[in-house]
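K.L.:
To start, I am sharing the structure in question, which I have written as structure tokens.
The values are calculated or read from the model by the stated rules, or taken from the named source; none is laboratory data. Everything quoted here is computed from the prediction, not taken from an experiment. Counting neighbours? That spans all protein chains shown, and the Cβs are built from the backbone with ideal geometry, glycine included. Surface accessibility is based on the protein's heavy atoms, side chains included, excluding ligands, DNA and RNA. Shrake-Rupley method; radii C 1.70, N 1.55, O 1.52, S 1.80 Å.
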Protein chains: 6
Amino acid sequence: MNKANKSVKTANKAASAKPGEAKPALHAIKGGKPVLVKSPPKPAAKPAAVKPIPLKAAPPAADDAPVIALNLPMAKLTPAMSSYFKKCQDKLGFIPNVLVAYAFDMTKLETFVAMYNDLMLGESGLSKLEREMIAVAVSSQNRCYYCLTAHGAAVRQYSRDPLLGEHMVMNYRVARLNKRQRAMLDFAVKLTASPWSVEEADRERLRRGGFSDRDIWDISAVAGFFNMSNRVASATDMRPNTVYHGQAR
Amino acid sequence: MNKANKSVKTANKAASAKPGEAKPALHAIKGGKPVLVKSPPKPAAKPAAVKPIPLKAAPPAADDAPVIALNLPMAKLTPAMSSYFKKCQDKLGFIPNVLVAYAFDMTKLETFVAMYNDLMLGESGLSKLEREMIAVAVSSQNRCYYCLTAHGAAVRQYSRDPLLGEHMVMNYRVARLNKRQRAMLDFAVKLTASPWSVEEADRERLRRGGFSDRDIWDISAVAGFFNMSNRVASATDMRPNTVYHGQAR
Amino acid sequence: MNKANKSVKTANKAASAKPGEAKPALHAIKGGKPVLVKSPPKPAAKPAAVKPIPLKAAPPAADDAPVIALNLPMAKLTPAMSSYFKKCQDKLGFIPNVLVAYAFDMTKLETFVAMYNDLMLGESGLSKLEREMIAVAVSSQNRCYYCLTAHGAAVRQYSRDPLLGEHMVMNYRVARLNKRQRAMLDFAVKLTASPWSVEEADRERLRRGGFSDRDIWDISAVAGFFNMSNRVASATDMRPNTVYHGQAR
Amino acid sequence: MNKANKSVKTANKAASAKPGEAKPALHAIKGGKPVLVKSPPKPAAKPAAVKPIPLKAAPPAADDAPVIALNLPMAKLTPAMSSYFKKCQDKLGFIPNVLVAYAFDMTKLETFVAMYNDLMLGESGLSKLEREMIAVAVSSQNRCYYCLTAHGAAVRQYSRDPLLGEHMVMNYRVARLNKRQRAMLDFAVKLTASPWSVEEADRERLRRGGFSDRDIWDISAVAGFFNMSNRVASATDMRPNTVYHGQAR
Amino acid sequence: MNKANKSVKTANKAASAKPGEAKPALHAIKGGKPVLVKSPPKPAAKPAAVKPIPLKAAPPAADDAPVIALNLPMAKLTPAMSSYFKKCQDKLGFIPNVLVAYAFDMTKLETFVAMYNDLMLGESGLSKLEREMIAVAVSSQNRCYYCLTAHGAAVRQYSRDPLLGEHMVMNYRVARLNKRQRAMLDFAVKLTASPWSVEEADRERLRRGGFSDRDIWDISAVAGFFNMSNRVASATDMRPNTVYHGQAR
Amino acid sequence: MNKANKSVKTANKAASAKPGEAKPALHAIKGGKPVLVKSPPKPAAKPAAVKPIPLKAAPPAADDAPVIALNLPMAKLTPAMSSYFKKCQDKLGFIPNVLVAYAFDMTKLETFVAMYNDLMLGESGLSKLEREMIAVAVSSQNRCYYCLTAHGAAVRQYSRDPLLGEHMVMNYRVARLNKRQRAMLDFAVKLTASPWSVEEADRERLRRGGFSDRDIWDISAVAGFFNMSNRVASATDMRPNTVYHGQAR
């Protein structure tokens, strides 16, 4: 792990050259696809135990704890993923732990990143904030610590409304939402709690709320994605980077 | 419908002309391995409405119905996806409807296919049958018509035991499983029903059942994936190809 | 399974000496009451352990397993029940395992058969298919392996629509039903899941769907009956005859 | 169905020729034994609307209300049922409303009575009180007004312990039961709430509590029966005779 | 607990010297506040209508059992509480066990009594009966033996309708209520079962039923209070005075 | 509400004249009883450590919104409550909204405050932090926005561990607790989710965790209290002071 950490630290140094650069979380990285990296970064020399990659500055003690409760040594990053991690470090100042967790296998990491970035950052009739709101409302239904923390922070950041983030975490029904967004979250949470009961009447309610059929797909796909991620996180006791807790309060 | 079908068929015919980049294969392809496609197929000429792609032989009437309840015209297949569809057609005799459903957007289709094939067909300490058993037990908990049908057929095929498929669909607890497989399904179903309650004791039970930490990841990831797919399918009223119903009975 | 199927067919051929006679399972036996046996069949010579009664031809291996997980030796059949079993064998080619399970006690067997046949085969404003649809939708809510198997086959047979059987087993909401039948199943499943919450408004919905008060009784009684049978079957780990699985696919 | 009825009548006549033949009695009959009825009572002259049959003495006002919320005129009682009703009237002072409710159809009434009496009054390793305790604990889980009232009274009567009846109605876990009875009720209530989850370990717990396999059948069958009756009662808004409320307080 | 018991018994003896007028339990004590009682209340002058079993006479054996399953010796009553207990004994003929349970700590007893009496006996747009109906419907949802017993008796007493008490205990939906009261109980039970789902539409339904905003507070506060009391009672296995069982039947 | 608001604002102005010592919210006021305050309490002498945002300065916009969704004008504060509010303002810098909500009726306010302060601040074998942990874990089960916000802040303050507060809010099972505290929260949450199922075995588990019977009472009483408060808050759409959100992050 040491060596891997070193290379990341190096990247951190380089990254911090330009002060003031906005540091949205994982979801804000442009393009998002782990495609062609021109100059491959030096690969880590050997597999590391799954531990958090520290922030440049001294990290809170809690970040020394393992990222997940499974002993899965980190694999050698592919050039694409190495570049992607570097980008995270440069822009966010840290590597989201979910990426560290998946990094024991490059195919798994790449497919996760590709799907995540398409869903959460790709083109959609839903704003990025709306997608994050779905993420958190679903994660609240599933009581997923990792996703509530990381995406709760994202809702606070995108909305610049710390309360909205708390509403999504605690009970989305208390948020003062317009009809469209309320319908969106009602659909996503019903789909989470009792997927078998979702029917045409539910889709019609979304259409009446102004959503296109493509929007309905996106709502469903984001809700579905977090029903997956919530379970991977809960199954592995995944721990969020502590830095999220203080973001955009 | 005719036109859409024609364009896909054309694409399929043309497809194998140019050597192709390796792509994961979908589970139902015989043997299950993502074989190299020699030549990229010509792209489909224009977007088609989302309707089922017929079997070569006359399809059952029900397959004329839309694949999903959303009006999302099929996009032009990328060469990789065109080749992949052709492979499906060649080996299975049909294109699984989930692929048709995702084909309105090539990025979504490709990321779905990549994740699916890695999880269900890639290397793992879990056999392909075990992964399909998880898929069906999870889909039973979520009462997902599409996944129960398509993956119920897969369990029947892989196991050559039609009853096992029915057990997974109806109530996995009635199957005569060894301790290992029972522990695996108990974990997957608990993770599905109450993900917040999964803890170290649950992982320990799997370890005592002989599973490695990597296996635990795979169980979780497959269970998570179907918690996603079940919801996308239920949200869109996705319909399975009718051919599944009769397979391996 | 080919062989098993063949042997059943042979038995069926023998049984169906009179062409054109309908051959649905247990539920199709005319009259249904175990009374008036013209020629009493020979009584079984001595109590047997609860094991399946073999088809005339060699049964599939799985049918050698015990019918239930309780050790309850079969009693001597009364003349009425002996005649009834013979009729089952003649017309169906097998004795449904539920009858074998109840046969440790003739009073229990006779009262079960009498109630079953009245409810499922007697006069009613509900068609036999509709009653079977209720049976399966209720059994799906209760995840009862025995009843889903035996009555799923009945839905396939009566409807000549294999998909309808699967819909009932997996999630009745995906079936394309007319309003009447949907209202009927919604009532039956609500009555199953939360009987305390059924009220006049629910009955009114059935009346608006065209059901008479007598029909409402019948829907309730069939739903109630399967809430009983599902529990007897689950409590005793009752196993369906394997022949059901292949019927009417 | 005429023919069937006729044959039943014939059978009944024949049957009653032989003295000593057990006939089903309803639980509330003192002593609980199905005593011989010497002379068949006169059949009711014409169909009646479903209203309670008054006690000999002036009934409480509430008993003028319809027995169920369905308009199902009472049919002409068969001699057997007429005799049975008379017996109820003689011994209990009233006809239990559930009998009135079923009396729109003699086959349904007779099969219900036959099954009820076998289960609740027939030979069993379970005492009659224990069977009533199961009835009430199950009905409490299902919040069934009719059955809680009628069988709550039965528990009070059989046990001569009014508190025990209240415990069964309100929350069987508060009763001070011996291990055997607690295991019995735990099984019955689990079978009621989540029948799909009952497995060999649950049966083993009963066996360790001293129950035979036949006892396990009886526990299951009684629990099953009330899962049926609870639903018929709730579906039809069945009202208990008011007299139950004051019994054995 | 010996000492505590002694003091209670002594109080009972003193109190029961004068035969007591029947009075509803705790809830009926005027004013309700446990504050300074200037002069001992006049003893009731004549025998009870509802025949409470006086503590003077031999109590039923069950009342010798501990009130709760925790070993918490009764504290010395403050003058206010001593006076209050005396009032209970005089008017009711017994000390409600919940008071005995709280009497290990005078602050806890006094705050409980103060809140209880304000809520259940203070001024409100809800009648005392309505508040007791809420108490029982909530306690039924939570299956709380203590509160169902004590407040079921109160509903019977206030309403002079024994059946109404049973309806509240068993399933409030079977009671023939006017729209206002039904809306009130629907709100209280929804608030009990899924408080997170209560929203403006639910309050609007109450307003349409004729309730003021102050009434809505009171419905909520009473429902809330019994959600507290139910849990304290269940957590401590609190046992009601046996006298309740026979009251107002 | 204008008038009420005015009086509260006035109180705030007066109160904030003296800079306040940092104190946890409501729960920190010593003694807690709303009894006659002879002389105004001494104002706190120095600036707050936790930097509450004083009401004197422009409050966040959200705090202009009504505290609850019911139109209940604030009553004239009794001297005791006036003094208590002043103490809150002095020590916390604000009046917790729950107090404002109850202030439409002085008896209700006083009894609420008395019970709250005894439970949360009075003597107990449970530390104040432990009581707040119970408050938040219960409120999380009930998804109560008000209580999660106000008491989540309290957990952060008492523990000086912001993560612990988040754990309690999101899923208490992810917190790294010692056995004692885990048992305590398991009990409180089980008591919240299914109070009817709490039995002697649950109390025994607490005793084995080192809790006395008095401690068990306190755990139960705190859990019960928040089951009440959660419901009052949800029923009335109670909104927390925005200042909580930023506290002790």
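K.L.:
When both residues are 6+ apart or on different chains and their Cβ atoms are under 9 Å apart, which pairs have a first residue that lies in the range E:123-149 and is under 13 Å from D:Val174 (Cβ atoms), and a second that is basic (Lys, Arg) and assigned to a loop (DSSP other than H, G, I, E, B)?
P.N.:
The qualifying pairs are E:Tyr145/E:Arg239; E:Tyr146/E:Arg239; E:Thr149/E:Arg239.
K.L.:
Which condition from (1) facing chain B (nearest Cβ under 10 Å); (2) in contact with a Gly (Cβ under 7 Å, 6 or more places away or on another chain); (3) open to solvent by less than 10 Å² (accessible area, probe 1.4 Å) is the one that A:Leu191 breaks?
P.N.:
(2)
K.L.:
Let me ask something additional. Looking for something over 24 Å from E:Glu110 (Cβ atoms), away from chain E (no Cβ under 13 Å) and not polar (S, T, N, Q) - is there at least one such residue anywhere in the range F:103-126? Walk me through how you get there before you give the answer.
P.N.:
Initially, the range F:103-126 is screened for residues over 24 Å from E:Glu110 (Cβ atoms), giving none.
Looking through the range F:103-126, none of the residues is over 24 Å from E:Glu110 (Cβ atoms), away from chain E (no Cβ under 13 Å) and not polar (S, T, N, Q).
K.L.:
Quick check: anything in the range D:109-116 touching a residue at least 12 places away in the same chain (Cβ under 8 Å), open to solvent by less than 20 Å² (accessible area, probe 1.4 Å) and not in a helix (DSSP H, G or I)?
P.N.:
Checked the range D:109-116: no residue is touching a residue at least 12 places away in the same chain (Cβ under 8 Å), open to solvent by less than 20 Å² (accessible area, probe 1.4 Å) and not in a helix (DSSP H, G or I).
K.L.:
Next question, about the same structure. Out of C:Gly152, C:Gly125, C:Gly165, I need the residue that is modelled with pLDDT of 95 or more, surrounded by fewer than 23 Cβ atoms within 10 Å (Cβ to Cβ) and either more than 15 Å from the chain's Cα centre (by Cα) or closer than 15 Å to C:Gln247 by Cβ (or both). Which one?
P.N.:
The match here is C:Gly125.
K.L.:
Out of D:Val232, D:Val243, D:Val198, D:Val155, I need the residue that is closer than 28 Å to D:Ala69 by Cα and within 14 Å of chain C (Cβ to nearest Cβ). Which one?
P.N.:
D:Val232
K.L.:
Go through the range B:84-102 and count every residue that is under 19 Å from A:Ala114 (Cβ atoms) and away from every other protein chain (no Cβ under 11 Å).
P.N.:
The qualifying residues number 3.
K.L.:
Then there is this: Scan the range B:212-249 residue by residue and report those that are more than 16 Å from the chain's Cα centre (by Cα), open to solvent by 10 Å² or more (accessible area, probe 1.4 Å) and among the small types (Gly, Ala, Ser).
P.N.:
Result: B:Ser212, B:Gly246, B:Ala248.
K.L.:
Any idea which residue in the range B:205-214 is nearest to the other protein chains (Cβ to nearest Cβ), counting only those that are under 23 Å from A:Tyr102 (Cβ atoms) and in a helix (DSSP H, G or I)?
P.N.:
In this case the residue turns out to be B:Asp213.
K.L.:
Residue under question is D:Arg143, and the condition is that it be out of contact with any Pro (no Cβ under 9 Å at 6 or more places or on another chain) and either open to solvent by 10 Å² or more (accessible area, probe 1.4 Å) or part of a helix (DSSP H, G or I) (or both); does it hold?
P.N.:
no
K.L.:
For the range D:61-93, what are the residues that are at pLDDT below 95, part of a loop (DSSP other than H, G, I, E, B) and crowded, with 17+ Cβ neighbours inside 10 Å?
P.N.:
Within the range D:61-93, just D:Pro66 meets the criteria.
K.L.:
I'd like to check something: does the range A:172-188 contain any residue that is in contact (Cβ under 8 Å) with a residue 12 or more places away in the chain, within 21 Å of B:Asn230 (Cβ to Cβ) and within 11 Å of chain B (Cβ to nearest Cβ)?
P.N.:
Yes, the range A:172-188 has at least one match.
K.L.:
Among the residues of the range F:132-152, which ones are within 23 Å of F:Ile216 (Cα to Cα) and more than 14 Å from chain E (Cβ to nearest Cβ)?
P.N.:
If the condition is that a residue be within 23 Å of F:Ile216 (Cα to Cα) and more than 14 Å from chain E (Cβ to nearest Cβ), then F:Glu132, F:Met133, F:Val136, F:His151, F:Gly152 are the ones that fit.
K.L.:
Across the range D:168-188, what is the number of residues that are touching a Phe, Trp or Tyr at 6+ places or on another chain (Cβ under 8 Å), surrounded by fewer than 21 Cβ atoms within 10 Å (Cβ to Cβ) and among the aliphatic types (A, V, I, L, M)?
P.N.:
Final tally of qualifying residues: 1.
Condition check ((1) of a type outside the set (D, E, K, R); (2) in a helix (DSSP H, G or I); (3) at positive phi) across all residues:
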residue: C:Gln157; (1), (2), (3): yes, yes, no
residue: C:His167; (1), (2), (3): yes, yes, no
residue: C:Arg176; (1), (2), (3): no, no, no
residue: C:Met184; (1), (2), (3): yes, yes, no
residue: C:Arg203; (1), (2), (3): no, yes, no
residue: C:Ile216; (1), (2), (3): yes, yes, no
residue: C:Ala223; (1), (2), (3): yes, yes, no
residue: C:Pro240; (1), (2), (3): yes, no, no
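K.L.:
Further question on the same structure: Within the range E:215-229, how many residues are among the hydrophobic types (A, V, I, L, M, F, W, C) and more than 7 Å from chain F (Cβ to nearest Cβ)?
P.N.:
Of the residues in the range E:215-229, 3 are among the hydrophobic types (A, V, I, L, M, F, W, C) and more than 7 Å from chain F (Cβ to nearest Cβ).
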